[in-house]
Amino acid sequence: MSVVHDPSLLVVTDAEATAAAHAAGVEVRPVGGHRELRRVSELLAEVWRVPLDRSPGPVNILTAIADTGGYVAGAYRGSELVGASFGLTYLDGAVAAGGEACLRSQVTGAVERGTGIGAALKLDQRAWAARRGLARITWTFDPLVRANARFNLGRLGARIVRHVPDFYGDLDDGVNGRSPTDRCVVSWSTVPEDRSGRVGDDLGVDVPADASAVVVLDVVDGVPQVEASDAAVRLVATPDDIVLLRTVDPDLALRWTDAMSRAIGAALADGLEGRSISDTGWYRFCRPSRPAARD
């Protein structure tokens with residue numbers, strides 16, 4: 001197990017978590033007991049726009065995670081639950097081979113976007129993981145959703161380390177529709193100076209102007225086009241609004257899913273990792289500054 005030995009690092013992560021919660025006007029705290037866990041399940045169903053029996057946080061699963069020391073937390077504004085997050089601890093690699101204990105963040109959701117609730121939950125999650133000596137946090141996200149990518153890569157400083165086609169199968173909810181659930185796995189270190197970005201930094205530069213980079217996924221006549229390349233720095237475009245596109249033009253949305261899968265899959269297979277995304281929606285894949293984390 002990888003343990004954070006310097007106690008000052010834990011103070012930093014706790015302080016950042018407290019500051020983020022204060023900025024969002026919420027209190028983030030552990031959730032336990034059937035009533036609170038049921039409300040978490042209900043909130044996540046509301047955010048994903050599905051019936052309670054299809055909530056991404058089933059009560060029985062949340063109960064098991066909370067009872068065995070996993071991470072289940074809620075963001076409260078007064079007595080009102082306005083956000084929630086949960087995750088499971090796991091061992092990355094065999095113990096005999098020096099495996100590291102990590103946290104897989106499964107679901108994080110908030111009833112309000114752009115208010116800092118999500119950041120408050122993620123920073124609380126990182127502080128929780130650091131206090132327990134967990135090396136990093138991993139989670140999945142849809143690489144076609146720009147807002148999520150900017151939050152994960154730009155604001156938090158996580159890195160894309162893996163891509164999995166149709167990770168969850170057919171979810172058919174109010175966010176994914178019936179599209180394949182291709183996902184990127186990101187890795188976020190619990191040690192502040194080991195992160196590729198700092199919370200609050202804006203890494204969204206105009207990356208297409210990078211002379212060292214090659215565009216491997218671009219838009220031609222409104223259609224995504226993928227080009228093969230062995231460049232050390234690669235740029236990957238994203239659609240303006242994939243959630244809307246899945247409603248108004250499902251066929252074009254599927255073409256985006258296929259193109260993104262090929263472009264990101266090739267970059268990762270060649271040892272690159274996703275480090276940032278620009279304001280205009282361009283991913284930048286490049287060589288890692290250190291060996292890529294397993295997940």
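Every read-out reported here was derived from the displayed coordinates using simple, explicitly stated rules and does not represent laboratory data. Only a predicted model underlies this, so the values are computations on that prediction, with no experimental measurement involved. Backbone-built Cβ (ideal geometry, glycine too); neighbour counts: all protein chains shown.
In this calculation the C-beta distance from A147 to L52 is compared with R0 = 30 Å, giving a FRET efficiency of 0.70. Applying 1/(1 + (r/R0)^6) with r as the Cβ-Cβ distance of R35 and T89 and R0 = 25 angstrom yields a FRET efficiency of 0.50.
Neighbours of V226 by Cβ distance under 15 Å: Lys/Arg scored +1, Asp/Glu scored -1, total -4. Taking one quarter of the surface of the convex hull spanned by the alpha-carbon atoms of region 1-134 gives a direction-averaged projected area of 8.5 nm². Under 5 Å from the amide H of R162 lie the amide H atoms of V185, each residue being 5 or more positions distant or on a separate chain, with H modelled from the backbone and absent for Pro and chain starts. Under 5 Å from the amide H of R136 lie the amide H atoms of L103, T190, each residue being 5 or more positions distant or on a separate chain, with H modelled from the backbone and absent for Pro and chain starts. Summarising the amide proton neighbourhood of V28: residues at separation of 5 or more, or on other chains, whose placed amide H is nearer than 5 Å comprise Y76.
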